[in-house]
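Visitor: So that we are looking at the same thing, I have put the structure below in structure tokens.
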Amino acid sequence: MQDVSSLVAQAREGRPRAVARLISLVEGASPQLREVMAALAPLTGNAYVVGLTGSPGVGKSTSTSALVTAYRKQGKRVGVLAVDPSSPFSGGALLGDRVRMSEHASDPGVYIRSMATRGHLGGLAWAAPQAIRVLDAAGCDVILVETVGVGQSEVEIASQADTSVVLLAPGMGDGIQAAKAGILEIGDVYVVNKADRDGADATARELNHMLGLGESRAPGDWRPPIVKTVAARGEGVDEVVEALEKHHAWMEEGGVLTTRRLARASREVETIAVTALRERIGDLHGDRRLDALAERIIAGDLDPYRAADELVKGLTTSSPQ
């Protein structure tokens, strides 16, 4: 058993091993997870969480690394949560972003963690919200969450980040992909990376046109900017940081930041509650109560919805027999 209070204290001091152990407890759904979250709760709420998403090949890892460099120049501590697809064999991350961001590996002001989705849809690992909480409590000023390549179901980053950055690149059919995946609804800042390639201006114009078509903003509402970058050379990255800072300031001024964080906390509580309920239902297989409800459905005395209501009521008022 880990000494949670000691780990939290060490994480606050910026010791990477302590941060790693805390996130491992989260990923492994340790029996100490409740103790960890209780210890972290008073220490969170200070970090600015930025989510980066986009189709595979647009340069998410390169852009993330460039943003780390920019924020470190400002003297900010940065945490990176890089979510990769799971290996079908080991269940671990297929590609460790710590390899792709090796230039920051020796920087004590940067903590990089790769997490596997483990089959979780939405582009994020199921443990991502708690891992973000660990990095926040560890004193990170900015947390960059890089998701797996987006598809139609992989837009969950919008619910976990304060600001969502959507990356596109010329010549990859991203215009169609953006409309198809619902990306136009989740982006707060759009980045056309690899802007030194042919078609970058056309991609930016098409994106601007599509954003205009779906626009129904009131005066004072945020209009997502479109920034062109060549992340591999660091070009345009300062403009991205400036756009992020403007969006952060806009959210704070209008109370949007608090609203987003309240919604995020509500979803987290709901997820934990639903998971706990699902586990209790799983424990009922072979339980007489479940069999009795099934018999009444087959006999026509009860419909499945009323049966489910009775089951939930029973689970919330008593423990499984």
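Visitor: Is the stretch 233-252 home to any residue that is within 26 Å of residue 31 (Cβ to Cβ) and exposed (fewer than 14 other Cβ atoms within 10 Å of the Cβ)?
Guide: no
Visitor: Looking at (1) more than 22 Å from residue 211 (Cα to Cα); (2) at pLDDT 85 or above, find the lone condition where residue 168 falls short.
Guide: Among (1) more than 22 Å from residue 211 (Cα to Cα); (2) at pLDDT 85 or above, the lone unmet condition for residue 168 is (1).
Visitor: Going through the stretch 210-236 one residue at a time, which ones are in contact with a Ser or Thr (Cβ under 6 Å, 6 or more places away or on another chain) and in contact (Cβ under 8 Å) with a residue 60 or more places away in the chain?
Guide: 231, 232
Visitor: Of the numbered conditions (1) open to solvent by 30 Å² or more (accessible area, probe 1.4 Å); (2) within 30 Å of residue 258 (Cβ to Cβ); (3) not in a helix (DSSP H, G or I), residue 49 satisfies every one except a single condition; which is it?
Guide: All conditions pass for residue 49, except number (1).
Visitor: Identify the residue in the stretch 183-204 that is exposed (fewer than 13 other Cβ atoms within 10 Å of the Cβ) and at pLDDT 90 or above and, among all such residues, is nearest to the chain's Cα centre (by Cα).
Guide: Among them, the one singled out is 201.
Visitor: Filter the stretch 206-215 down to the residues that are over 25 Å from residue 147 (Cα atoms) and open to solvent by 80 Å² or more (accessible area, probe 1.4 Å), then identify the one that is modelled with the highest pLDDT.
Guide: Selected residue: 209.
Visitor: Show the residue pairs meeting these rules: Cβ distance below 8 Å; 6+ apart or different chains; first residue within the stretch 140-153 and closer than 23 Å to residue 10 by Cβ and at pLDDT 95 or above; second residue open to solvent by 10 Å² or more (accessible area, probe 1.4 Å) and of a type in the set (S, T, N, Q).
Guide: 141/46
Visitor: Return the only residue of 180, 228, 246 being within 15 Å of residue 54 (Cβ to Cβ), at pLDDT 95 or above and of a type outside the set (Val, Ile, Thr).
Guide: Every option except 228 fails the conditions.
Visitor: Among (1) modelled with pLDDT under 90; (2) open to solvent by less than 30 Å² (accessible area, probe 1.4 Å), where does residue 29 come up short?
Guide: The one condition residue 29 does not meet is (2).
Visitor: Shifting gears a bit: Name the residue that is modelled with the highest pLDDT, counting only residues in the stretch 306-321 that are open to solvent by less than 60 Å² (accessible area, probe 1.4 Å) and part of a loop (DSSP other than H, G, I, E, B).
Guide: 318
Visitor: Hey, can you tell me all the residues within the stretch 274-305 that are within 22 Å of residue 26 (Cβ to Cβ) and open to solvent by less than 60 Å² (accessible area, probe 1.4 Å)?
Guide: Of everything in the stretch 274-305, those that are within 22 Å of residue 26 (Cβ to Cβ) and open to solvent by less than 60 Å² (accessible area, probe 1.4 Å) turn out to be 275, 276, 277, 282.
Visitor: Next question. Considering only residues that are over 17 Å from residue 195 (Cα atoms) and either open to solvent by 40 Å² or more (accessible area, probe 1.4 Å) or assigned to a helix (DSSP H, G or I) (or both), which ones fall in the stretch 216-232?
Guide: Correct list: 216, 217, 218, 219, 220, 221, 222, 223.
Visitor: Would it be correct to say that residue 59 is open to solvent by less than 20 Å² (accessible area, probe 1.4 Å) and not β-branched (Val, Ile, Thr)?
Guide: Judged against the criteria, residue 59 is a match.
Visitor: Also, I was wondering about something else. Looking at the stretch 7-17 only, could you name the residues that are within 16 Å of residue 38 (Cα to Cα) and in contact (Cβ under 8 Å) with a residue 12 or more places away in the chain?
Guide: Hits for the stretch 7-17 are 7, 8, 11, 12.
The values are calculated or read from the model by the stated rules, or taken from the named source; none is laboratory data. From a predicted model like this one, the values you see are computed outputs, not experimental measurements. All Cβ positions, glycine included, derive from the backbone under ideal geometry; neighbour counts span all protein chains shown. Each accessible area value is taken on the protein alone, full model and side chains, heavy atoms only, with ligands, DNA and RNA left out. Shrake-Rupley method; radii C 1.70, N 1.55, O 1.52, S 1.80 Å.
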